[in-house]
1. Taking the conditions exactly as written (away from the ligand (no atom under 16 Å from the Cβ), assigned to a loop (DSSP other than H, G, I, E, B), within 20 Å of Ile441 (Cβ to Cβ) and touching a helix residue (DSSP H, G or I) at 6+ places or on another chain (Cβ under 8 Å)), does Leu554 satisfy them or not?
2. For His542, work out the one condition from (1) crowded, with 24+ Cβ neighbours inside 10 Å; (2) away from the ligand (no atom under 14 Å from the Cβ) it doesn't fulfil.
3. Inspect segment 589-603 for any residue being of a type in the set (S, T, N, Q), touching a helix residue (DSSP H, G or I) at 6+ places or on another chain (Cβ under 9 Å), touching a residue at least 24 places away in the same chain (Cβ under 8 Å) and within 14 Å of the ligand (Cβ to nearest atom) and give the result as yes or no.
4. Out of (1) within 23 Å of Pro636 (Cα to Cα); (2) within 14 Å of the ligand (Cβ to nearest atom); (3) in contact with a helix residue (DSSP H, G or I) (Cβ under 7 Å, 6 or more places away or on another chain), what's the single condition that is false for Trp581?
5. Could you count how many residues in segment 309-330 are in contact (Cβ under 8 Å) with a residue 24 or more places away in the chain and surrounded by fewer than 24 Cβ atoms within 10 Å (Cβ to Cβ)?
6. Taking Glu293 as the residue in question, decide whether it is over 30 Å from Ile104 (Cβ atoms), more than 16 Å from the ligand (Cβ to nearest atom) and either more than 18 Å from the chain's Cα centre (by Cα) or buried (at least 22 other Cβ atoms within 10 Å of the Cβ) (or both).
7. Only one of these conditions is not met by Cys361: (1) surrounded by 24 or more Cβ atoms within 10 Å (Cβ to Cβ); (2) assigned to a loop (DSSP other than H, G, I, E, B); (3) more than 15 Å from the ligand (Cβ to nearest atom); (4) not aliphatic (A, V, I, L, M). Which number is it?
8. How do the pairs read when you match residues in segment 195-212 that are acidic (Asp, Glu) with residues anywhere that are at pLDDT 95 or above, using Cβ under 7 Å and keeping only pairs 6 or more apart or on different chains?
Amino acid sequence: MAEEKKEKAAKEPKLADPVGASIDVATQEMIAHAQKLGIETVCDRAVSMKPCNIGVQGTCCKNCSMGPCRLPLPKSGIEGEDERKGLCGATANTIAARNFIRMIAAGAAAHSDHGRCVAEVFLSAARKETDAYKIKDTVKLLAVAKHLGVATTVEVDGEELDRDIDEIAVETAETALNEWGKPEGELLYLKRAPEARYEIWKKQGVLPRNIDREIVEIMHRTNMGVDQDYKNLIKQGTRAALADGWGGSMLATDLQDILFGTPYPLASEANLGVMKEDHVNIVIHGHEPILSEMIVVAAQKQEMIDYAKKKGAKGIQLSGICCTANEILQRHGVPLCGTFLQQELAIITGACDAMVVDIQCIMQNLANVAKCFHTKLITTHPIAKMEQDNVIHIEFDEHHAIEDAEKIVRMAIDNFGNRGAEVMIPQHKAPIVAGFGVESIKYHLGGTFRGSYYTLNDNIINGRIRGVAGVVGCNNARTRHNEGHLIVVKELIKNDVLVLTTGCNGIACAMEGLLTPESAAVYCGPGLAEVCETVGIPPVLHMGSCVDNSRILLAATEVVKAGGLGNDICDWPVAGSAPEWMSEKAISIGQYVVASGIYTVFGVTLPTSGAPVFHDYLCKEFEKIYGGMWDIEPDPIKHAQKMIAHIDKKRKELGIDKARERVLMDMASRQALDA
Ligand code: BF8
């Protein structure tokens, strides 16, 4: 009997507790539903597979075949000299720094390669080699051209005239593409940072030369027997990360805006409940908007809608997962289906007729889940295929963009009739307002003609807004889905900190209803609530996808330029956060944000804890060099409080802490003062 029990226990897979796995009710319902159907999800695997403790600490070196050399930190810590070393003698600091900057290289490569694809399509559009893509935002084109040193006027007979817009577009595209591999010089966008910031980078020797080179150099330096000084290693990590934030990512954002339109606030909805049982559901997932833009066009065509109706559906419902979702939301209002951790669940609804994926954050388990349903899982990018045989690969080509998109939409429509009996779409969704960018914030605060960040600065100076926080990043199955995101953000806005969000944090906030102007009255401190009500903005501004963290860098720069809050990004009350990070891209983002002068707190873990000296270098010494530093805090309330403490420190340094004290007066003290 005992043996039988033992055997049964050994065979039964461990399952996640749905409520313990996610804070979101729709997600809880779907995890439970999946378990009822016997379908395993990432949440179940997270309870049956423990992470490697040495990897978590960042001290496993597998950069040559003498290893892997594993250098765990003794439980009792290290007293005296740290004598741990790998076979070659590499110290824990060297190993952790190598691993850390390899993560930066991977993250920077992902963002920047995405940017490169956009730049190539942009060049095609500028040269009019494709009908599908056209320059949509010429105002932004002219602004970007100037940043890239492309002339926007010509002199004719001593008179300065506007240059032909097509010519500007082609030269802008060529100049942008050159940033990936130019043989000399430095990245052109670095000069968009405040001058003081640029000078710090210059003094530290971290000005990126071109985007690709900095990534390649990381792979060289971390190869066996090359760079063995953690300070020198992280210097290169900084250079590659800056090439991401102020290079590849920023170019991706700019060129996407020119091609597809600069986002302005629009209304939509978020969570799995946006899927419609009586519609053909196409879920777009990944990161590059090149294809998804075309799917939006194709799905809106009357002939496609008619075709869907002919097949018995009431229409076509598009929705998005991950950053593709953020991209098509901010420009078209396409609803958000879910965050990274909800991708399997969208298929498990049984109502997903096609899931179309491109690159990044796509779980291979999607194919296993899709096998249990009628869902067509379609990969579209040559660099991102799946080995399972039920996956269909339709390689997307910008020269036949609309045809490819139509083929995919038609395939989804044809699949509508193949659904099984069991469809379960959780009935939870929230209204949202998204699509904020550097330009739209300016407009919101100052109007078309007086657009400026001065109003924001003014409210920071007078203390209604205590400070600004960029809260971004992933979900991580090792921590309760969305809990960290939402506690951190709610604690910040409760304390009058305006939040700028991107990536999966943006989706988490959307699902919770924090992206509406009305949420200000419910969640915010009195100062922030008053500003949101006056201006008509949500307390959490959705600024797009993860490459759009470049928008946060530029917004932070605009604040400096508007005046009254110091000369550099590190001077004013701003902080960064990624409460549930998991992707290497987040490490690259963290590094460029810190090197841009912003104190940044990560949740979950930081893969440096096994190398205390290197860890302290990032989390203490960095502030002396860059004015910003890393921090790690898994507890979300403490996490937010650390950010607020930093914001208050900056207020004090600027001498605006007294103004804040006035705003914090309660009603009784106010009345006493009036009397
Ligand atoms: O780039 S936040 S899980 S979706 S990596 Fe991925 Fe992380 Fe989500 Fe977008 Ni960003």
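The values are calculated or read from the model by the stated rules, or taken from the named source; none is laboratory data. Being a predicted model, the structure only gives us computed values, none of them experimental. Here Cβ is always computed from backbone atoms with ideal geometry, including for glycine, and neighbour counts include all displayed protein chains.
1. Working: away from the ligand (no atom under 16 Å from the Cβ): yes; assigned to a loop (DSSP other than H, G, I, E, B): no; within 20 Å of Ile441 (Cβ to Cβ): yes; touching a helix residue (DSSP H, G or I) at 6+ places or on another chain (Cβ under 8 Å): yes.
In short, no.
2. So the condition that His542 fails would be (2).
3. No, segment 589-603 contains no residue that is of a type in the set (S, T, N, Q), touching a helix residue (DSSP H, G or I) at 6+ places or on another chain (Cβ under 9 Å), touching a residue at least 24 places away in the same chain (Cβ under 8 Å) and within 14 Å of the ligand (Cβ to nearest atom).
4. (3)
5. 6
6. Details: over 30 Å from Ile104 (Cβ atoms): no; more than 16 Å from the ligand (Cβ to nearest atom): yes; either more than 18 Å from the chain's Cα centre (by Cα) or buried (at least 22 other Cβ atoms within 10 Å of the Cβ) (or both): yes.
So Glu293 does not fit the description; no.
7. All conditions are met except number (3).
8. Partner pairs satisfying both residue conditions: Asp212/Trp180; Asp212/Gly181.
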